[in-house]
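Here's the structure, in structure tokens; my notes come after.
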Amino acid sequence: MAENQVVVVVVINRRLKMKIIIIVVVLFISLVGFSQTTNKEYKKRVLETAEVDILSSFYSQDGDNASVTGGIGTEKLTDLATNFTVSIPLNDDDVFTVDATISAYTSASSSNLNPFDANGSGLVYYENGENDHDKSSNKNGNPIAATSGASSAVLSNNTLVSGGASPWYESTGASKSDVWVNGTFNYSHSSDNRNTILNADASFAKEFDYTSIGIGGGLTKLFNEKNTEIGLKANVYLDTWNPRYPTEIHSYLTANQNLNNGFFSGVDILNQSGNIIDKNGTNVWSPINTTLVDNNARNTYSLSVSFSQILSKKTQVSLFFDLVQQDGWLANPMQRVYFADRDNYYIGNASNIPNYTSPTNTNVFQLADDIERLPNSRLKLPIGIRFNQYINEAVTLRTYFRYYYDDWGVKSSTAEIELPIKISDKFTFYPSYRYYTQTAADYFAPFEQHLSTEEFYTSDYDLSKFNSNQVGVGLSYTDIFAKSHIWKLGLKSIDLKYNSYKRNTGLKAGIISAGLKFVMD
Amino acid sequence: MIKKIGLLLLIGSLTTSCVAVKEYEKVYLNDPDMLLSAKKSNKFVTSFQVYREAASGANGGKSGGGCGCN
């Protein structure tokens, strides 16, 4: 019975993916056909002149549930991102848009992919007791060999003062920072009566361990004197992992599963009592799996349907429905998991083992039991509604609600309200509030609460049960005549926004963004 | 879930107007703040929400692709 159900689900998923691919192909062919039609009648250009949008943001977060270190540890992260969008009218009907984003982040959580830095075990001893996390040399500037905390008893002349191998401490490893780049190219064609819009897009994104290639197409039809709009959009993303693993697991496999080899050579491993284990004994640390990512692909097939309706001269509403199927390696190979039913082993200062889950722990690190494991298929079904009301010349009401369901057990609701207030003919103030709540994925459990008998497991708090509140303020300046100029670009608007985000799991984040919109003379 | 989706569709259909608003009557609807999709200036806000939350999509924007690793 269960096998039959699995077969049915697999067949449905294949049919769904085939349908989405067919829709993308049909939309592309339709776009090519449409773009070859000609019309000599006068018609208003879809886009009068080229437009340039520049948007920059700075994001910062902190929390105590880092997923790279198994659900505990610092989540400190900053991200600086800039986006350029250039829309060029090719003729009366066609618009070509290039959208490029570059985003540079530093992440304490990601840095602890290798919490041991370049020092091997990450632990540094100083003969005179200096206290500096980043030092890898003694007072005289001489490098000090990597060793572990338990050895301090042996090194009677040395005093352990700091480590750096801790889920609560940012490592200086290569995974500390990265740059993500993305480019999207979109071509759209509108029919002569402007009641049909076809578009096609292609995208590319790259970061150090991940590459994404996307292709998509969309069809929008307007009816009822353009009071009703129905949109259909299909996208396929073919993504590839270049997987990076927690350093102890990767090192264990490259050292031929021998704790006396490679990275582990000369490094003491401690048990829960803080005693150095016999690496040649029977009770030694080892990851539960020696097979890591066996499929580098992660593919996403999405189908989006939208319906918009004008309800009155001052009211309009939109409904959105997405159907998203993902398959491939959907877990993040950087993220550690620790099991409750397996012995714990550490590298670092034995005296801090009892404080391991406390931010006061700065120099002991628990060796992972495994990377997170998640099913190789996920079906997402979000449905949203947007309702906008023009209240009067000063105030507009913007609302949004979304319900989300997926077959990993996550259900969520999102409610958002924004109240743009025109404070002059050029300035608008934007207060906003957003509430979000979700249930936990079936495969989530906190640090040290999974069992090794489970098939799938993660301690990523983004998949935990939580709710969040987001409060935002913004100010925009608009000059419809674009009088101010930079070169041949007239400044049409400036947007400034700040949003504060708090999750009941303790995560706090803030994002400030600034946008400029120009029109070409 | 089906009940909630049904409720949303019901609200949508019940609020559908029978009288079309003419082009020259759309001055309020054409206000930039009446846009029926997420605003461009919210692009990075939406991005971090997609990273930090399990749910995504159904907002007239991108519905897949990318890592969301950090």
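The values are calculated or read from the model by the stated rules, or taken from the named source; none is laboratory data. Quick caveat: nothing in here was measured; it's all calculated off a predicted structure. Note that each Cβ is placed from the backbone with ideal geometry, even for glycine, and that neighbours are counted across all protein chains shown.
Quick notes on this structure:
- Just one residue in the set B:Val21, B:Val50 is within 28 Å of A:Thr97 (Cα to Cα) and modelled with pLDDT of 85 or more; that residue is B:Val50.
- If the condition is being among the hydrophobic types (A, V, I, L, M, F, W, C) and within 7 Å of chain B (Cβ to nearest Cβ), then the stretch A:403-419 contributes only A:Val410.
- For A:Leu55, the requirement of being in contact with a Lys or Arg (Cβ under 7 Å, 6 or more places away or on another chain), part of a strand (DSSP E or B) and under 25 Å from A:Gly474 (Cα atoms) is met.
- In the stretch A:257-271 there is no residue matching the filter, namely being touching a helix residue (DSSP H, G or I) at 6+ places or on another chain (Cβ under 9 Å), away from every other protein chain (no Cβ under 14 Å) and of a type in the set (Ser, Thr, Tyr).
- Yes/no for B:Leu35 being surrounded by 14 or more Cβ atoms within 10 Å (Cβ to Cβ), modelled with pLDDT of 65 or more and more than 7 Å from chain A (Cβ to nearest Cβ): yes
- Pick from the stretch A:358-397, criterion within 19 Å of A:Glu75 (Cα to Cα) and surrounded by fewer than 17 Cβ atoms within 10 Å (Cβ to Cβ), ranking: farthest from the chain's Cα centre (by Cα): A:Thr360
- Among the residues making up the stretch A:326-355, those that are at the interface with chain B (Cβ under 9 Å from one of its Cβ atoms) and either farther than 30 Å from A:Thr282 by Cα or touching a strand residue (DSSP E or B) at 6+ places or on another chain (Cβ under 7 Å) (or both) are A:Gln326, A:Asn332, A:Gln335.
- Selection status of A:Ala415, among the small types (Gly, Ala, Ser), surrounded by fewer than 15 Cβ atoms within 10 Å (Cβ to Cβ) and within 21 Å of A:Asp462 (Cβ to Cβ): yes
- Residue match in the stretch A:85-93 (condition: farther than 20 Å from A:Gly217 by Cβ, surrounded by 15 or more Cβ atoms within 10 Å (Cβ to Cβ), within 14 Å of another protein chain (Cβ to nearest Cβ) and at pLDDT 95 or above): yes
- Test for A:Glu248: is it acidic (Asp, Glu) and more than 30 Å from the chain's Cα centre (by Cα): no
- When the stretch A:82-120 is filtered for residues that are assigned to a strand (DSSP E or B), of a type in the set (Gly, Ala, Ser) and more than 30 Å from A:Phe444 (Cα to Cα), the ones remaining, listed by number, are A:Ser87, A:Ala100.
- Within the stretch B:38-62, the residues that satisfy the criterion of being out of contact with any Ser or Thr (no Cβ under 7 Å at 6 or more places or on another chain), under 21 Å from A:Phe518 (Cα atoms) and at the interface with chain A (Cβ under 7 Å from one of its Cβ atoms) are B:Lys40, B:Lys43.
Residues checked against (1) over 25 Å from the mean Cα position of the chain (by Cα); (2) outside any strand (DSSP E or B):
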position: A:Asn295; (1), (2): no, yes
position: A:Arg298; (1), (2): no, no
position: A:Phe307; (1), (2): yes, no
position: A:Asp322; (1), (2): no, no
position: A:Gln326; (1), (2): no, no
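- Number of the condition not met by A:Asn280 [criteria: (1) at pLDDT below 95; (2) crowded, with 21+ Cβ neighbours inside 10 Å; (3) over 24 Å from A:Tyr457 (Cα atoms)]: (2)
- Every pair of residues 6+ apart whose Cβ atoms lie under 8 Å, when the first sits in the stretch A:265-282 and is closer than 19 Å to A:Ile353 by Cα while the second is among the basic types (Lys, Arg): A:Ile269/A:Lys279
- Every test in (1) over 22 Å from B:Ala54 (Cβ atoms); (2) in contact (Cβ under 8 Å) with a residue 12 or more places away in the chain is passed by A:Asp425 save one, and that test is (2).
- Being modelled with pLDDT of 90 or more and surrounded by 20 or more Cβ atoms within 10 Å (Cβ to Cβ) holds for only one residue in B:Asn30, B:Asn42, B:Asn59, and it is B:Asn42.
- Filtered residue count, the stretch A:314-332, keeping only those that are in contact with a helix residue (DSSP H, G or I) (Cβ under 9 Å, 6 or more places away or on another chain) and under 30 Å from A:Tyr356 (Cα atoms): 0
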